[in-house]
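Working notes for the structure below.
The values are calculated or read from the model by the stated rules, or taken from the named source; none is laboratory data. Computed from a predicted structure; not experimentally measured. Cβ placement follows ideal geometry from the backbone for every residue including glycine, while neighbour counts extend to all protein chains displayed.
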Amino acid sequence: MDSSSSVSVSDESSEAEANGGCCSSSTTTTTPSLEAVNLSRTFSDVSSFSEQSSVDHSGPFEPSAVSKLIGRRSPASALSRLSMKPRAYVLDQRSTDDELELVKERFSKLLLGEDMSGGGKGVCTAVAISNAITNLYATVFGSCHKLEPLAASKKTMWMREMDCLLSVCDYIVEFYPSTQTLPDGAKVEVMATRPRSDIYINLPALEKLDAMLMEIVDNFEKAEFWYAEAGTSSFGSMTSSSTSSSFRRSTHRNEEKWWLPVPCVPDAGLSGKTRKDLKQKRECASQIHKAAVAINTGILCDMEVPDSFMVVLPKSGKASVGDAVYRAMMGADKFSPDYLLDCLDMSSEHEVLAMADRVEAAMYVWRRKACTTHGRSRWSAIKELMANDEDDDKNVKLASRAESLLLCLKHRFPGLSQTTLDTSKIQFNKDIGLAILESYSRVLESLAFNIVSWIDDVLFADLRKQ
């Protein structure tokens, strides 16, 4: 199902200026529209491009050593990361100046926190860089709705600017005790630095997923299928606009997305080789989507729950989920979230998202009550305390069941927009490392979800010809 973004993208004018053209789930080349963005699970609240500084961070942090550990290039080669220095022999002086002006603009917006007045009222750096990644994705992929290679200029923009934004992670380190040998042979204890563990683990994985998705898209240069726009006569045997509308409904497309192109195949259908290749690519993109979702979910769990979310929670979890759901969660000895979801009437994405918000709110109400009852400040401590306790606490049981219900809900609707809590976490998060990992995994999740959907459309068109 097509997902709709839950939060608006604000600085869309910057996206159009940054080479304006193909965008993926959200913007178009002319007037970017939030309705066009097909991001599975989200956008952050405020949006704008932003860049990092090339300030010398020499000293105890040893950025070059950190870069080697994390498998990325040294931050000292900032111009090289922007693809300026290696391409100096190709680019003329004018194009180089244009790129430098672009970098200045992005760098300025990051420092200003998207407050162009300079009054210091902008968003924090974490939100600014998260918005930069979100908007870059929208600019590059927002108008892409077909299985076809990405334009060379767009691909270059994506690689160049993501390389610049991700370079911030080269300076995010943690200290650990180590030994250093002095010139006279004596050994002393020092505090050395290494990449922060979450970045060291997740960032290379995300970069690998990014490269795999680009490879999948690039392989559609010569395809047996093609696309027809609404109202055109390029459907082969289907030439009338009424046939086009009928075909569009038969592919189960959302009628609100009327502008999406319709895939067409030859009258004899796709060849066996092409069909097999499409299914393999679909499976690969599906696995990438699952990996990106897993990383994104883990990063969101690591973010602190903002106080603004906790203060508006209802006093009772029962009032949040409703009597019917509360009785189903409380009454059964063996709780089945799948069975409960089957009994619920959720015919639209709006209803599904509303249910997810209510269940998540109830979960935190019951968690807070359990922590208060047992004198613990963290939910993880309560779970460990109750693991071997035969006398289960009611609030602990309800919180655990609400968690499983929410997880099952997200698995059943993989394209669901982000919940209110997830959006609040992104908006109020101040950890730059988490902001980069969350936004990067989120846009890759969206791209993988879109690729799977596009392949499904082609396979369905092929099935109709058989």
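Taking Ala370 as the residue in question, decide whether it is surrounded by 21 or more Cβ atoms within 10 Å (Cβ to Cβ) and at pLDDT below 85. Spelling it out, Ala370 is indeed surrounded by 21 or more Cβ atoms within 10 Å (Cβ to Cβ) and at pLDDT below 85. Screening the stretch 262-297 for residues that are surrounded by fewer than 15 Cβ atoms within 10 Å (Cβ to Cβ) and under 12 Å from the mean Cα position of the chain (by Cα) and picking the one that is nearest to Tyr440 (Cα to Cα) gives Ala294. In the stretch 216-227, the residues that are part of a helix (DSSP H, G or I) reach residues that are among the charged types (D, E, K, R) with C-beta atoms within less than 8 angstrom, at least six apart or across chains, in these pairs: Ile216/Lys281; Val217/Glu148. For the stretch 79-99, the criterion of being farther than 18 Å from Ser439 by Cα, assigned by TED's automatic domain parsing to the domain that holds Asp198 and at pLDDT 75 or above is met by no residue. Pairs linking a residue in the stretch 173-200 that is closer than 20 Å to Asp431 by Cα to a residue that is modelled with pLDDT under 90 and among the hydroxyl-bearing types (Ser, Thr, Tyr), with Cβ atoms under 9 Å and 6 or more positions apart or on different chains, are Pro195/Ser67. Identify all residues within the stretch 298-323 that are part of a helix (DSSP H, G or I), in contact with a Lys or Arg (Cβ under 8 Å, 6 or more places away or on another chain) and surrounded by fewer than 17 Cβ atoms within 10 Å (Cβ to Cβ); write none if there are none. The one that is part of a helix (DSSP H, G or I), in contact with a Lys or Arg (Cβ under 8 Å, 6 or more places away or on another chain) and surrounded by fewer than 17 Cβ atoms within 10 Å (Cβ to Cβ): Met310.
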